[in-house]
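Notes follow once the structure below has been shown.
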Amino acid sequence: MNNAGEIVERYFTALYAGDLETARQYLADNVSFRGPAASFSGADTYLKATQHAVRALKRVDKRKVFVDGSDVCILFDLHIDHPVESIAIADFYHLEGGKIASIQSILDTGPLTSSTPTSSGGETARDPVCGMTVAKASAAATRTYAGNTYYFCNTGCAEDFDRQPEHYVPTAA
(Lines give C-alpha, C1' and ligand atoms only; values in the text may rest on other atoms or scores of the structure.)
Protein backbone atom coordinates (compact mmCIF):
# COMPACT_ATOMS: atom_id res chain seq x y z
CA MET A 1 0.00 0.00 0.00
CA ASN A 2 1.93 3.02 -1.26
CA ASN A 3 -0.87 5.58 -1.49
CA ALA A 4 -0.55 8.07 1.38
CA GLY A 5 -4.28 8.83 1.24
CA GLU A 6 -5.17 5.13 1.66
CA ILE A 7 -2.78 4.71 4.58
CA VAL A 8 -4.12 7.76 6.41
CA GLU A 9 -7.76 6.85 5.77
CA ARG A 10 -7.21 3.32 7.10
CA TYR A 11 -5.46 4.72 10.15
CA PHE A 12 -8.20 7.31 10.69
CA THR A 13 -10.97 4.71 10.40
CA ALA A 14 -9.24 2.32 12.81
CA LEU A 15 -8.47 5.08 15.34
CA TYR A 16 -12.02 6.40 15.52
CA ALA A 17 -13.46 2.87 15.59
CA GLY A 18 -11.40 2.32 18.74
CA ASP A 19 -9.16 -0.27 17.04
CA LEU A 20 -5.86 1.03 18.41
CA GLU A 21 -3.96 -2.11 17.45
CA THR A 22 -4.75 -1.59 13.76
CA ALA A 23 -4.20 2.18 14.01
CA ARG A 24 -0.75 1.54 15.51
CA GLN A 25 0.32 -0.40 12.40
CA TYR A 26 0.13 2.79 10.32
CA LEU A 27 2.23 4.93 12.68
CA ALA A 28 6.00 5.27 12.66
CA ASP A 29 7.46 4.36 16.05
CA ASN A 30 8.71 7.91 16.50
CA VAL A 31 5.59 9.69 15.19
CA SER A 32 5.22 13.24 16.43
CA PHE A 33 1.90 14.85 17.22
CA ARG A 34 1.21 18.54 17.68
CA GLY A 35 -2.16 20.01 18.60
CA PRO A 36 -3.45 23.17 20.23
CA ALA A 37 -3.30 21.78 23.77
CA ALA A 38 -0.72 19.00 23.63
CA SER A 39 2.30 17.55 21.86
CA PHE A 40 3.48 13.94 21.94
CA SER A 41 6.41 11.93 20.62
CA GLY A 42 6.17 8.21 20.02
CA ALA A 43 3.34 6.10 18.68
CA ASP A 44 2.37 4.40 21.93
CA THR A 45 2.37 7.65 23.93
CA TYR A 46 0.26 9.32 21.26
CA LEU A 47 -2.27 6.49 21.06
CA LYS A 48 -2.67 6.40 24.82
CA ALA A 49 -3.43 10.12 24.80
CA THR A 50 -5.98 9.80 21.97
CA GLN A 51 -8.04 7.29 23.94
CA HIS A 52 -9.63 10.29 25.69
CA ALA A 53 -11.09 11.59 22.45
CA VAL A 54 -12.14 8.14 21.25
CA ARG A 55 -14.03 7.41 24.49
CA ALA A 56 -15.94 10.68 24.17
CA LEU A 57 -16.78 9.96 20.52
CA LYS A 58 -20.33 9.75 19.27
CA ARG A 59 -19.46 9.82 15.56
CA VAL A 60 -17.11 11.28 12.98
CA ASP A 61 -18.27 13.06 9.83
CA LYS A 62 -15.43 13.20 7.32
CA ARG A 63 -15.83 16.23 5.05
CA LYS A 64 -12.85 16.11 2.72
CA VAL A 65 -9.52 14.37 2.21
CA PHE A 66 -6.69 16.12 0.34
CA VAL A 67 -3.59 14.23 -0.82
CA ASP A 68 -0.39 15.82 -2.08
CA GLY A 69 2.35 13.20 -2.43
CA SER A 70 3.30 12.14 1.10
CA ASP A 71 1.11 14.77 2.75
CA VAL A 72 -2.56 14.24 3.59
CA CYS A 73 -5.15 16.54 5.13
CA ILE A 74 -8.50 15.37 6.52
CA LEU A 75 -11.21 17.87 7.41
CA PHE A 76 -13.84 16.38 9.71
CA ASP A 77 -16.39 17.03 12.41
CA LEU A 78 -15.93 15.16 15.65
CA HIS A 79 -19.21 14.64 17.50
CA ILE A 80 -18.43 14.13 21.17
CA ASP A 81 -19.98 13.49 24.57
CA HIS A 82 -19.52 17.09 25.73
CA PRO A 83 -21.84 20.13 25.97
CA VAL A 84 -20.19 21.47 22.77
CA GLU A 85 -21.43 18.33 20.90
CA SER A 86 -19.36 18.85 17.73
CA ILE A 87 -16.03 20.36 16.80
CA ALA A 88 -14.47 20.92 13.37
CA ILE A 89 -10.92 19.59 13.00
CA ALA A 90 -8.23 19.69 10.33
CA ASP A 91 -5.60 16.95 10.67
CA PHE A 92 -2.41 17.17 8.63
CA TYR A 93 -0.38 13.98 8.17
CA HIS A 94 3.10 13.53 6.75
CA LEU A 95 4.27 10.05 5.75
CA GLU A 96 7.78 8.66 5.50
CA GLY A 97 8.54 5.12 4.40
CA GLY A 98 4.85 4.24 4.15
CA LYS A 99 4.13 5.20 7.79
CA ILE A 100 2.64 8.30 9.38
CA ALA A 101 5.63 10.25 10.71
CA SER A 102 3.85 13.39 11.93
CA ILE A 103 0.35 14.57 12.70
CA GLN A 104 -0.79 18.12 13.33
CA SER A 105 -4.34 18.84 14.49
CA ILE A 106 -5.87 22.26 14.11
CA LEU A 107 -9.07 23.04 15.97
CA ASP A 108 -10.60 25.77 18.06
CA THR A 109 -10.38 24.54 21.66
CA GLY A 110 -12.21 27.60 22.99
CA PRO A 111 -15.63 25.95 22.99
CA LEU A 112 -14.19 22.93 24.82
CA THR A 113 -12.69 25.01 27.62
CA SER A 114 -15.35 27.70 27.90
CA SER A 115 -18.63 26.18 26.78
CA THR A 116 -21.90 28.06 27.11
CA PRO A 117 -22.63 26.91 30.68
CA THR A 118 -19.38 28.40 31.98
CA SER A 119 -19.72 31.69 30.15
CA SER A 120 -23.00 32.35 31.97
CA GLY A 121 -21.10 32.69 35.25
CA GLY A 122 -21.42 29.12 36.54
CA GLU A 123 -18.62 27.56 38.55
CA THR A 124 -16.00 25.58 36.68
CA ALA A 125 -13.47 22.90 37.58
CA ARG A 126 -10.53 21.27 35.86
CA ASP A 127 -11.04 17.66 34.75
CA PRO A 128 -8.11 15.96 36.53
CA VAL A 129 -7.68 13.38 33.74
CA CYS A 130 -7.60 15.47 30.56
CA GLY A 131 -7.23 19.01 31.93
CA MET A 132 -10.32 20.41 30.23
CA THR A 133 -12.38 23.09 31.96
CA VAL A 134 -15.75 21.67 32.98
CA ALA A 135 -18.88 23.55 34.04
CA LYS A 136 -19.71 22.02 37.41
CA ALA A 137 -23.45 22.23 36.72
CA SER A 138 -23.17 20.25 33.48
CA ALA A 139 -20.28 17.88 34.17
CA ALA A 140 -20.70 14.48 32.51
CA ALA A 141 -19.67 12.79 35.78
CA THR A 142 -18.41 13.55 39.26
CA ARG A 143 -16.40 11.55 41.75
CA THR A 144 -15.51 12.09 45.38
CA TYR A 145 -12.04 11.02 46.45
CA ALA A 146 -10.19 11.82 49.68
CA GLY A 147 -12.92 14.27 50.65
CA ASN A 148 -12.79 16.28 47.40
CA THR A 149 -15.24 16.32 44.50
CA TYR A 150 -13.85 16.04 40.98
CA TYR A 151 -15.72 16.95 37.78
CA PHE A 152 -15.28 15.24 34.41
CA CYS A 153 -15.90 16.26 30.80
CA ASN A 154 -17.00 12.73 29.84
CA THR A 155 -17.60 9.36 31.46
CA GLY A 156 -14.39 7.93 29.97
CA CYS A 157 -12.30 10.37 32.01
CA ALA A 158 -14.30 9.46 35.12
CA GLU A 159 -13.66 5.74 34.45
CA ASP A 160 -9.90 6.39 34.10
CA PHE A 161 -10.01 8.26 37.40
CA ASP A 162 -11.86 5.36 39.07
CA ARG A 163 -9.09 2.94 38.05
CA GLN A 164 -6.22 5.05 39.37
CA PRO A 165 -7.34 8.18 41.29
CA GLU A 166 -3.97 8.61 42.99
CA HIS A 167 -2.43 9.10 39.54
CA TYR A 168 -4.60 12.17 38.84
CA VAL A 169 -4.81 13.83 42.26
CA PRO A 170 -1.87 15.97 43.31
CA THR A 171 -0.22 14.75 46.48
CA ALA A 172 0.22 17.11 49.40
CA ALA A 173 3.81 18.26 49.79
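The values are calculated or read from the model by the stated rules, or taken from the named source; none is laboratory data. Small disclaimer: the values here were computed from a predicted structure and weren't measured. Neighbour counts run over all protein chains shown; Cβ positions are idealised from the backbone, glycine included.
Points worth noting:
- Checking each residue in region 84-104 for being out of contact with any helix residue (DSSP H, G or I) (no Cβ under 7 Å at 6 or more places or on another chain) and modelled with pLDDT of 95 or more picks out Ala90, Asp91, Phe92, His94, Glu96, Gly97, Lys99, Ala101, Ser102, Ile103, Gln104.
- Flag for Leu20 being outside the structural domain of Asn154 (by TED's automatic domain parsing) and over 17 Å from Gly98 (Cα atoms): yes
- Cβ-Cβ distances below 7 Å connect the following pairs, each with a first residue in region 144-173 that is loosely packed, with under 14 Cβ neighbours inside 10 Å, a second residue that is modelled with pLDDT of 90 or more, and a separation of six or more residues or different chains: Thr149/Thr142; Asp162/Arg143.
- Filtering region 1-58 to residues that are touching a residue at least 60 places away in the same chain (Cβ under 8 Å), among the small types (Gly, Ala, Ser) and surrounded by 13 or more Cβ atoms within 10 Å (Cβ to Cβ) leaves Ala4, Gly5, Ala28, Ser32, Gly35, Ala56.
- Against the test of being in contact with a Gly (Cβ under 8 Å, 6 or more places away or on another chain), within 19 Å of Ile80 (Cα to Cα) and not polar (S, T, N, Q), the options Ala137, Ala141 yield a single qualifying residue, Ala137.
- Some residue of region 134-157 being farther than 17 Å from Pro111 by Cβ and either in the same structural domain as Ile80 (by TED's automatic domain parsing) or in contact with a His (Cβ under 9 Å, 6 or more places away or on another chain) (or both): yes
- Residues (modelled with pLDDT of 90 or more and in a loop (DSSP other than H, G, I, E, B)) located in region 18-60: Asp19, Tyr26, Gly42
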